Amino acid sequence: MIGDPSVGKSNLLMKFAHNKFTEEYQATIGVEFGAKNIEINKKIYRIQIWDTAGQENFRSITRAYYKNSVCAMVVYDITSRKSFENIVHWIEDVHKESPKTISIILIGNKIDLEDKRIVSYDEGNEFAIKNGIIFMETSAKSGEGVDEIFKKSAEEIEKKIQQKFYDLNSET
């Protein structure tokens, strides 16, 4: 999970993995880790989620986690134009540092703040279509869309496993 500070990456992970949410902002220092089993096509997969710090001074650390990633969730806050504009840079990083087979999912978070929305659903969707990536909106607070983004990412990964993009027997 990547994106600007305070877009809700940690809360998305906490909601998915532990069904918890906190209003209090606590900056992620470096990278935090979560894992959960998920069933796709009658198979159980253990997905590992790396919640990265959004601050510029941690970018070199977080880039190291791109190397063997199979999915990047790029998160922005629908109430912040700047966080939406910055997704271009996050996606550039993904393309530079990640395997070519990586799936990218764009996530507009904080839809519970609809009355403060600055970035429309259509803007996010249009950006995703132009860039050939998946787009979804969520609320880490209410839980709306949260399970769906992780399920969708797991389905995309499972599809690539079936297409032999990944060697599950390899140690690297």
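Bear in mind these aren't lab numbers, they're just calculated from the coordinates by the rules spelled out. Everything quoted here is computed from the prediction, not taken from an experiment. Cβ atoms come from the backbone with ideal geometry, glycine included; neighbour counts cover every protein chain shown.
Just a few scattered comments:
- Rg/Rg_ref, the stretch 67-172, where Rg_ref = 2.2 N^0.38 Å and atoms are Cα: 1.13
- Highest average packing first - 3-12, 142-151, Cβ atoms within 10 Å: 3-12, 142-151
- The residues neighbouring LYS141, those whose beta-carbon lies less than 15 Å from its own, together hold a net charge of -3 under the Lys/Arg +1, Asp/Glu -1 convention.
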